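The structure under discussion appears below in the form of structure tokens.
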């Protein structure tokens, strides 16, 4: 299906319920949002954390994000598996302990106790001459197609705190000064901040891009009269997360 036909199908998905409402005597109105659909019977709940692994110096912080699949309840409870392995706040902001080691940041599903996602944190002191540490916040973001998100880079251990921004995947969108613009194609992409002072040091943020989202549909004409057996052509102005398009 080409892009024009896809947008026509999206328009019809809005227009047909309006026509049915008019036939039943109800006042037509555009839906304010899609209802939350419960998971299919027997479908497992899955929690995925991002990033899956980070290296941190003692006392340095990093933010984690969790995606919950298979339930309408997306909330999680954050914890650190090891006693003395650092702390994590309710929003996924982890702070490394003063000691070196390998620790685990866990996001547990509120809807399904016992189901969780885990990220690994390696805490180690920075060796002399390798004092540059780069971190990116947020660690993960979810966007509609063509949406935007702002990332920030922290560079420590260097005289310059500047970072260069790139997108790892070809066709995975663009980023300038930390402002990421998603592509039209859904997928998982990675925003990379690289230290200007030490190009061997970088950090990555993960972006999950969903499909193009329909924001509104306007039908033209809004009303019309036609003789029995006659025909009438309607058009639709469809506004999505990627722009406004006319469909007929």
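The values are calculated or read from the model by the stated rules, or taken from the named source; none is laboratory data. Every value quoted in this text rests on a predicted model; they were computed, and no experiment measured them. A quick note on method: Cβ atoms are made from the backbone with ideal geometry, for glycine too, and the neighbour counts reach across all protein chains shown.
Worth a mention:
- Restricting attention to segment 175-231, the residues that are part of a strand (DSSP E or B) and loosely packed, with under 15 Cβ neighbours inside 10 Å total 7.
- Residue count for segment 232-248, restricted to those that are surrounded by 14 or more Cβ atoms within 10 Å (Cβ to Cβ) and in contact (Cβ under 8 Å) with a residue 40 or more places away in the chain: 8
- The single residue among 131, 85, 92, 117 that is out of contact with any helix residue (DSSP H, G or I) (no Cβ under 6 Å at 6 or more places or on another chain) and touching a residue at least 60 places away in the same chain (Cβ under 8 Å) turns out to be 117.
- Qualifying residue in segment 157-175 (condition: closer than 30 Å to residue 82 by Cα and at pLDDT below 90): yes
- Any hit, segment 106-116, residues being farther than 17 Å from residue 47 by Cα and modelled with pLDDT of 90 or more: no
- Looking across segment 129-141, the residues that are touching a strand residue (DSSP E or B) at 6+ places or on another chain (Cβ under 6 Å) and either surrounded by fewer than 14 Cβ atoms within 10 Å (Cβ to Cβ) or under 20 Å from residue 197 (Cα atoms) (or both) come down to 132, 133, 134, 135, 136, 137.
- Lone unmet requirement of (1) over 20 Å from residue 208 (Cβ atoms); (2) within 19 Å of the chain's Cα centre (by Cα); (3) not in a loop (DSSP other than H, G, I, E, B) for residue 154: (2)
- Test: residue 121 is over 19 Å from the mean Cα position of the chain (by Cα), outside any loop (DSSP other than H, G, I, E, B), surrounded by 14 or more Cβ atoms within 10 Å (Cβ to Cβ) and at pLDDT 85 or above: yes
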